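Report on one structure; see the data block that follows.
The values are calculated or read from the model by the stated rules, or taken from the named source; none is laboratory data. This structure is a prediction, so every number in the text was calculated from the model and none was measured. Cβ placement follows ideal geometry from the backbone for every residue including glycine, while neighbour counts extend to all protein chains displayed. When the accessible area is computed, the model is the full protein with side chains, heavy atoms only, and any ligands, DNA or RNA have been set aside. Shrake-Rupley method; radii C 1.70, N 1.55, O 1.52, S 1.80 Å.
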Amino acid sequence: MADYELVIRARRAVTPGGIRPATVAIRDGKIAALAAFSDAPDAARVEELPGEQILLPGVVDTHVHVNEPGRTEWEGFATATRAAAEGGVTTLIDMPLNCLPPTTTASALRRKQPTARGGWVDVGFWGGAVPGNLGELAGLHRAGVFGFKAFLVDSGVPEFGHLGPGDLDAALAEIARLDALLIVHAEDAAVIASAPSPSTSPSGVGVEPRNAWP
């Protein structure tokens, strides 16, 4: 029986030590060894990349809005994961908003998980921290979300509310207790409200877009 299921040899491989000729050995679907290009370990299958093609680790995209279920016509897991694979992304982490229901409860997560099965790449999930779901965070954490996402201003969809200062403090305390991660859209609503319109100059005088048709 061969030592490895697959060996990939490349004259240009991205390694911890930089780009160099290398041989990568795969066992049980995982990288098991990294060796010199001239090495030829016993394998069931050997692939050698032609010419100047580069062998590099798969990308992990931690910010993807797949929108399924509920708004699959915007983007579902079938097309999102295939596009990811085409671009060299081997894992994506799905954001908790734009789908219906949003991923703010463990039951919503359980409803979403089956829709991601059978895709082209591995998929993980963020949970949402929104007003009123403080008691749901522990259940989401136990169910396997990678962390939590929160907004401090309007998220753009009505079903995913934003946290006020008190809500944020409570969410931070609970997420720290869970030893979990919180990522935040950290805009200040007052600063945004006082910003000039994008159609005016800093002096307040209206400006014509440079690409406007005559």
Calculated mean projected area of the Cα convex hull in nm² (choose from [x] 29.1; [y] 13.5; [z] 19.1), label: [z]
HN-Hα J in Hz across the range 111-127 - Karplus 6.51, -1.76, 1.60, θ = phi - 60°, x for Gly and Pro: 6, 7, 3, x, 5, 8, 6, x, x, 8, 9, 6, 10, x, 9, 8, x
Accessible area of the range 99-185 belonging to carbon and sulfur atoms, whole % at 1.4 Å probe: 55 percent
Candidates Val153, Val145, Val46, ranked by Gaussian network fluctuation over the chain, Cα under 10 Å, top entry: Val46
Vicinal HN-Hα couplings computed from phi for the range 49-57 (Karplus, 6.51 cos²θ - 1.76 cosθ + 1.60; Hz; Gly/Pro x): 5, x, x, 9, 4, 9, 9, 9, x
Local electrostatic count, Thr79, Cβ distance below 12 Å [Lys/Arg +1, Asp/Glu -1]: -3
Under 5 Å, built H, 5+ apart or other chain: amide partners of Phe146: Phe125, Trp126, Gly127
Between helix 165-177 and the chain: long-axis angle, C-alpha atoms, 0 to 90°, nearest 10: 30 degrees
Length-normalised contact order of the chain in % [C-alpha pairs under 8 Å, at least 6 apart]: 12 percent
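Counting only helical runs of four or more DSSP H residues, what would the 222 nm mean residue ellipticity of the chain come to if each run contributes -39,500 (n - 2.57) and the total is spread over all its residues? It would help to have the intermediate numbers written out before the result.
Working: 5 runs with 43 residues, N = 214.
That calculation yields -5500 deg cm²/dmol at 222 nm.
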The range 58-214, dipole about Cα centre (Lys/Arg Cβ +1, Asp/Glu Cβ -1), debye to the nearest 20: 400 debye
Proximal charge balance of Ala195 [Cβ under 15 Å; K/R count +1, D/E count -1]: -3
Choice from Ala143, Ala33, Ala189 with maximal GNM fluctuation in the chain (Cα, 10 Å cutoff): Ala33
DSSP-defined beta bridges in the chain - what % are antiparallel, rounded to 5: 40 percent
Solvent exposure of the range 98-139 as accessible area per residue, Å², 1.4 Å probe: 44 Å²
The chain: angle of helix 77-86 to the longest principal axis, Cα-based, in degrees nearest 10: 50 degrees
Selection from Leu100, Ala186, Leu49 lying farthest towards where the dipole of the chain points positive, charges on Cβ: Leu49
Loop trypsin sites (Lys or Arg not before Pro), the range 1-63 (other Cβ atoms within 10 Å of the site Cβ: 16 or fewer; DSSP): Arg45
Among Pro69, Pro131, Pro114: highest mean-square fluctuation, GNM of the chain, C-alpha pairs under 10 Å: Pro114
Per-residue ³J(HN,Hα) for the range 146-152, Karplus 6.51 cos²θ - 1.76 cosθ + 1.60, θ = phi - 60°, Hz, x for Gly and Pro: 7, x, 10, 10, 9, 10, 10
Sparse-neighbour loop sites [trypsin sites (Lys or Arg not before Pro); the range 90-170; at most 12 other C-beta within 10 Å; DSSP]: Arg117
